[in-house]
Amino acid sequence: AVEKLALDGTIIAEYASKRDAANSIGLKSPHCMGLSDMETCIVFRGSFWRYKGSSAIPTDVAPRVLKSCKPVEQLCLKTGEMIARYNSVADASRAVGISAPSIS
């Protein structure tokens, strides 16, 4: 099993396999994630990823990631209600299919 963690270290999702985790973010191959062993915790597309049972958290990476990734909220133009929240402009761009410079 693979865990997806928020940048603060809380587990936000669990997947039965590395392939399921990769599919959840639109990857065709799980090898793109770079998750190699139980002692590895990687930062990929705005989240930490690790195998279930691992206690690995890349504390040296966390401050840099937190500084460079700003969350993006997608709002309804009519009501102003939040439709979705993304970890970064890049994540929002991929999710909604428009170029990153078009997101503000």
Next item on the list: For Ile25, Ile98, write out the residues from largest to smallest accessible area, computed with a 1.4 angstrom probe and no ligands counted.
Entry: Ile98, Ile25
Note to self: Could you sort Asp91, Asp8, Asp20 by their accessible area in this structure, using a 1.4 Å probe and putting the largest first?
What the structure shows: Asp8, Asp20, Asp91
Notebook entry, point to check: Can you give the accessible area of Lys52 in Å² (nearest 10), computed on protein heavy atoms with a 1.4 Å probe?
Noted result: 100 Å²
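The values are calculated or read from the model by the stated rules, or taken from the named source; none is laboratory data. Owing to the predicted nature of the structure, the values given are computational and were not obtained by experimental measurement. Surface accessibility is based on the protein's heavy atoms, side chains included, excluding ligands, DNA and RNA. Shrake-Rupley method; radii C 1.70, N 1.55, O 1.52, S 1.80 Å.
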